[in-house]
Amino acid sequence: MLAWRIVGLTLVCGLWALSVNEAQAAEPLKLLIVDGQNNHNWQAMTPLMKGDLEKTGRFKVDVVTSPPAKAEPAAWDAFRPDFAKYDVVLSNYNGQLWPEPVRKSLEAYIVGGGGLVIVHAANNAFPEWPEWNKMIGLGWRDNKFGERVILDDQGALSRILKGDGPGAGHGPQHEYPVEVRDAEHPVMKGMPKLWMHADDELYHGQRGPAENMHILGTAFSSKDKGGTGAHEPMIWWIPYGKGRVFTTVLGHTGGNDLVAIRCVGFITVVARGSEWAATGKVTLPIPADFPTADKVSLVPDAK
Ligand code: ZN
């Protein structure tokens with residue numbers, strides 16, 4: 001009789017565990033976009049990214065907007081994003097330094113296993129915040145700030161020392177191919193080796209501690225286009241405590257120029273990178289209209 005009860009209990013527990021797992025799989029991931037200051041059109045960018053993420057069915061997105069530049073201290077005292085409520089935080093912020101409690105709270109959140117996604121100029125922010133620099137690895141800084149990392153044609157990595165070569169910059173915007181450098185990484189798996197990104201800035205000479213960087217995608221920064229003649233990192237991730245920090249420097253916006261973030265490649269990188277930063281896995285597929293080696297692909301609502 002006891003044996004039957006134990007078997008019965010095990011069976012019930014097993015079914016219960018299965019149903020919980022299924023419920024978790026169906027539950028959208030909670031994602032928080034942080035914005036409020038940026039030298040880019042963040043007011044247009046955040047709703048487009050929110051819409052694109054929610055269209056995948058994988059995310060429920062909230063937005064927290066910081067006080068504007070030169071706000072009173074009381075406004076900053078009220079800015080206390082509750083990172084711990086979210087599976088992943090996406091920064092669309094490039095502005096003044098957050099108050100110390102917000103910085104400490106973000107650090108603790110990621111150390112504890114939270115995910116962070118950095119899009120384009122979000123890596124320009126906070127040169128004076130050492131832990132942020134460790135999280136992002138490379139930022140928009142001058143060449144005295146830290147090291148630079150480039151890849152050769154075969155994917156071998158070189159570190160350029162502090163003070164040598166260019167600091168952060170970019171040439172004129174243009175369409176360029178993104179090269180997949182880790183085809184087995186869940187975010188990149190299934191992408192063509194080269195895919196043509198829509199008209200965008202091509203960041204070069206990014207600088208920082210560049211520790212524990214896993215470079216997933218690069219772009220060749222042609223000297224014809226004001227670049228460095230090197231393959232520059234475009235997409236990477238860094239472990240921080242138990243958490244994951246995923247960066248893409250793709251995604252310039254300026255005025256009504258939003259074409260870079262209407263690229264199906266950009267949208268896919270942000271969505272899969274966010275899912276991966278949150279869970280360590282990717283279930284979102286590569287869309288059928290993903291760009292090819294020589295053809296840009298924009299979503300239908302692109303201007
Ligand atoms: Zn830009």
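In region 129-144, what residues are open to solvent by 10 Å² or more (accessible area, probe 1.4 Å), touching a helix residue (DSSP H, G or I) at 6+ places or on another chain (Cβ under 7 Å) and within 16 Å of the ligand (Cβ to nearest atom)? 140 - this is the single residue of region 129-144 that is open to solvent by 10 Å² or more (accessible area, probe 1.4 Å), touching a helix residue (DSSP H, G or I) at 6+ places or on another chain (Cβ under 7 Å) and within 16 Å of the ligand (Cβ to nearest atom). Pairs are defined by a Cβ separation below 8 Å, a sequence spacing of at least 6 or placement on different chains, a first member in region 82-97 that is within 13 Å of residue 33 (Cβ to Cβ) and aromatic (Phe, Trp, Tyr), and a second member that is in a strand (DSSP E or B) and open to solvent by 30 Å² or more (accessible area, probe 1.4 Å); the pairs so defined are 86/30; 86/62. For region 260-269, the criterion of a residue being more than 16 Å from the ligand (Cβ to nearest atom) and either over 20 Å from residue 52 (Cα atoms) or open to solvent by 20 Å² or more (accessible area, probe 1.4 Å) (or both) is satisfied by at least one position.
Kindly provide the set of residues from region 145-161 that are assigned to a loop (DSSP other than H, G, I, E, B), in contact (Cβ under 8 Å) with a residue 40 or more places away in the chain and loosely packed, with under 15 Cβ neighbours inside 10 Å, ordered by number. Answer for region 145-161, where residues must be assigned to a loop (DSSP other than H, G, I, E, B), in contact (Cβ under 8 Å) with a residue 40 or more places away in the chain and loosely packed, with under 15 Cβ neighbours inside 10 Å: 152, 153.
Mind listing just one residue for me: the one in region 236-247 that is touching a Leu at 6+ places or on another chain (Cβ under 9 Å) and more than 16 Å from the ligand (Cβ to nearest atom) and, of those, nearest to residue 172 (Cα to Cα)? This residue is 236. The single condition from (1) open to solvent by 60 Å² or more (accessible area, probe 1.4 Å); (2) at pLDDT 95 or above that residue 107 fails is (1).
Checking 250, 202 one by one, the residue that is assigned to a loop (DSSP other than H, G, I, E, B), touching a residue at least 60 places away in the same chain (Cβ under 8 Å) and within 14 Å of the ligand (Cβ to nearest atom) is 250 and no other.
Taking every residue in region 26-51 that is touching a residue at least 60 places away in the same chain (Cβ under 8 Å) and farther than 24 Å from residue 109 by Cα and pairing it with any residue that is open to solvent by less than 30 Å² (accessible area, probe 1.4 Å) and more than 16 Å from the ligand (Cβ to nearest atom), at least 6 positions away or on another chain, yields no pair with a Cβ-Cβ distance below 6 Å. Can you name the condition, by its number, that residue 164 falls short on among (1) in a loop (DSSP other than H, G, I, E, B); (2) within 15 Å of the ligand (Cβ to nearest atom)? Unmet for residue 164, out of (1) in a loop (DSSP other than H, G, I, E, B); (2) within 15 Å of the ligand (Cβ to nearest atom): (2).
Whenever a residue of region 171-186 is part of a strand (DSSP E or B), its partners that are hydroxyl-bearing (Ser, Thr, Tyr) and modelled with pLDDT of 95 or more, lying with C-beta atoms within less than 9 angstrom and at least six residues away or across chains, give the pairs 174/222; 176/221; 176/222; 178/218; 179/218; 180/218. The set of residues in region 185-198 being over 20 Å from residue 117 (Cα atoms) and open to solvent by 50 Å² or more (accessible area, probe 1.4 Å) consists of 190, 193, 194. Of all the listed residues (26, 3), the sole one being at pLDDT below 95, more than 22 Å from the chain's Cα centre (by Cα) and closer than 30 Å to residue 263 by Cα is 26. Scanning region 110-128 for residues that are within 16 Å of the ligand (Cβ to nearest atom) and either more than 20 Å from residue 61 (Cβ to Cβ) or free of Cβ contacts under 8 Å to residues at least 12 places away in the same chain (or both), we see that the one that is surrounded by the most Cβ atoms within 10 Å (Cβ to Cβ) is 123. All conditions but one from (1) more than 23 Å from residue 148 (Cα to Cα); (2) assigned to a strand (DSSP E or B) apply to residue 191; the one that does not is (2). State whether one or more residues within region 71-89 are at pLDDT 95 or above, more than 16 Å from the ligand (Cβ to nearest atom), open to solvent by less than 60 Å² (accessible area, probe 1.4 Å) and of a type in the set (Lys, Arg). No.
The values are calculated or read from the model by the stated rules, or taken from the named source; none is laboratory data. Because the structure is a prediction, the values reported are computed rather than measured. Heads up, the Cβs are rebuilt from the backbone with ideal geometry, glycines too, and the neighbour counts pull from every protein chain shown. Only protein heavy atoms, including side chains, enter the accessible area calculation; ligands, DNA and RNA are left aside. Shrake-Rupley method; radii C 1.70, N 1.55, O 1.52, S 1.80 Å.
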